[in-house]
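First up is the structure itself, then whatever we jot down about it.
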Amino acid sequence: MIDQVRRFNRTVTQRAGALSDAFLTRGRPLGQARLLWEIGPDGRDVRDLRARLDLDSGYLSRLLRALEHDGLVTVEVNEADGRLRTARLTAAGGAERAELDRRSEQAAAGLLGPLTERQRGRLVTAMADVERLLTASAIVVGVRDPRDPEARRCLRAYVEELSGRFDGGFDPALSISAADHEMTPPAGLFLVATLHGEPAGCGALKFHPGAPAEIKRMWVAPEVRGLGLGRRLLAELETRAVAHGVRVLRLETNRALSEAIGLYRSAGYREAPAFNDEPYAHHWFEKSLSSST
């Protein structure tokens, strides 16, 4: 599998023109051209560019300086927050970005041109599938303090979504608690998934010595659904539960969350009699864990 990935990478970098220091014959490497595209007509904070492109801050600074030297970009202190810098295209930068767009479309047409109609369809479908899988592989999952800004964004999004989907809304104050201290070691833990530095999902554990642990606050951002992140978060929670000596995991959910119910059932959770008085729950699940989970 690793050999196939490496062959794929070699083929793509060659066909995409990444090996040349003059991408699309414009006299600059692919990294600079991509940076122009990402800055876009509205500009973008340098911090966001670094996260979006997964670039080292030193390398990004060198790319920006090269574009500034060519008169294509300006970098200025953000008026709203002096700690941030914002990159903007000059008029020449905007014209260069438009020309790169034009040539990129020509290059894409040139790639498709030699193929039959059936081959084109197969290639475009395969590209879409590869893009989704590569996006999934770029998601990072790790333990965070539930008070961290990214964790807070996930929790707010969780509450907002449930408020819109549950009959009668959702008030976390009426629900069984999942307070910060309950999702912080040693009482529990909180996982946050990020994609290019942006929160993409979360999930939590509450430990109860000598009793089953609870899964809480499972949420996946709408824009990354379908990438298997919910299953990945669930598996990570199970693995960490086993590491803490947990034998049984429990969770409850609302009937409106049909996709979550399907996930839990397919992951081996079995419906159980109500084991708490959660007012928003219609289904209660549990799963016995083993050291091989």
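The values are calculated or read from the model by the stated rules, or taken from the named source; none is laboratory data. Note that the structure is a prediction, hence the values are computed from the model and not measured. Reconstructed Cβ throughout: ideal geometry from the backbone, glycine too, with neighbour counts over all protein chains shown. Please note that ligands, DNA and RNA were not included when accessible areas were found on the heavy atoms of the full protein model with its side chains. Shrake-Rupley method; radii C 1.70, N 1.55, O 1.52, S 1.80 Å.
Couple of notes before you dig in:
- Test: residue in the range 189-197 that is within 20 Å of the chain's Cα centre (by Cα), small (Gly, Ala, Ser) and outside any strand (DSSP E or B): yes
- Candidates 286, 252, filtered to the one that is within 27 Å of the chain's Cα centre (by Cα) and charged (D, E, K, R): 252
- Residue pairs meeting the criteria (Cβ under 8 Å; at least 6 apart or on separate chains; first within 16 Å of residue 216 (Cα to Cα) and modelled with pLDDT under 95, in the range 252-271; second among the aliphatic types (A, V, I, L, M) and open to solvent by 30 Å² or more (accessible area, probe 1.4 Å)): none
- When 134, 112, 123 are checked against the criterion of being hydrophobic (A, V, I, L, M, F, W, C), surrounded by fewer than 11 Cβ atoms within 10 Å (Cβ to Cβ), free of Cβ contacts under 8 Å to residues at least 40 places away in the same chain and under 30 Å from residue 25 (Cβ atoms), a single residue qualifies: 134.
- When 89, 53, 84 are screened for being surrounded by 13 or more Cβ atoms within 10 Å (Cβ to Cβ), in contact with a Lys or Arg (Cβ under 9 Å, 6 or more places away or on another chain) and at pLDDT 95 or above, only 89 passes.
- Flag for residue 66 being touching a residue at least 12 places away in the same chain (Cβ under 8 Å), part of a helix (DSSP H, G or I) and in contact with a helix residue (DSSP H, G or I) (Cβ under 8 Å, 6 or more places away or on another chain): yes
- Annotation note: of 213, 178, 157, 241, the sole residue that is open to solvent by less than 40 Å² (accessible area, probe 1.4 Å), part of a strand (DSSP E or B) and modelled with pLDDT of 95 or more is 213.
- Any hit, the range 88-108, residues being under 29 Å from residue 139 (Cβ atoms) and without any contact (Cβ under 8 Å) to a residue 12 or more places away in the chain: yes
- Residue match in the range 285-293 (condition: open to solvent by 50 Å² or more (accessible area, probe 1.4 Å), out of contact with any Pro (no Cβ under 7 Å at 6 or more places or on another chain) and within 20 Å of residue 142 (Cα to Cα)): yes
- The set of residues in the range 181-203 that are crowded, with 22+ Cβ neighbours inside 10 Å and out of contact with any helix residue (DSSP H, G or I) (no Cβ under 7 Å at 6 or more places or on another chain) contains only 183.
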